[in-house]
1. FRET efficiency for residue 39 and residue 118, Cβ-Cβ distance as r, R0 = 25 Å, nearest 0.05?
2. Contour minus end-to-end for residue 129 and residue 25, with contour as 0.36 nm per residue of separation and end-to-end as the Cα-Cα distance?
């Protein structure tokens, strides 16, 4: 039986409320409960310039999602006049089984310059995906809706054929 992968790369992309965007990928090690590698790039919008994030602070809530209300990947960019941060929160959570996930309402990028006001922009849309086939927690591949419909049609076809054979035999 296939087991869920302990390390999965998640592909992230989205837009901010100031018309900027972001994209990148993050590899999460679910055994160690942290993001081990990744790069997230943002583009300039009307509020903030673009930045490259490759210093990940970790994944909060990944190991014990039932005990927390949010799961977050945070990263920092030390270039420029201040520290720029990106916090991406997920619900449903990223899982080692590769289950579908999406951004929650608390995802944002912000810049903190000493002596100045905090400037931020919020994620308003985006996608979260992985190349990992989605596995259930017990290691059984899950089927998509079209696959389930096809399987139902096949079973229904066999049932109709069996009934027809029974009726013809009499």
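1. Using R0 = 25 Å, I get an efficiency of 0.55.
2. So the extension gain works out to 36.5 nm.
Read the figures in this text as sums done on the coordinates, not as results from a lab. Predicted, not measured: the structure shown is a model, and the values here were computed from it. Note: ideal-geometry Cβ built from the backbone for every residue, glycine included; neighbour counts use all protein chains shown.
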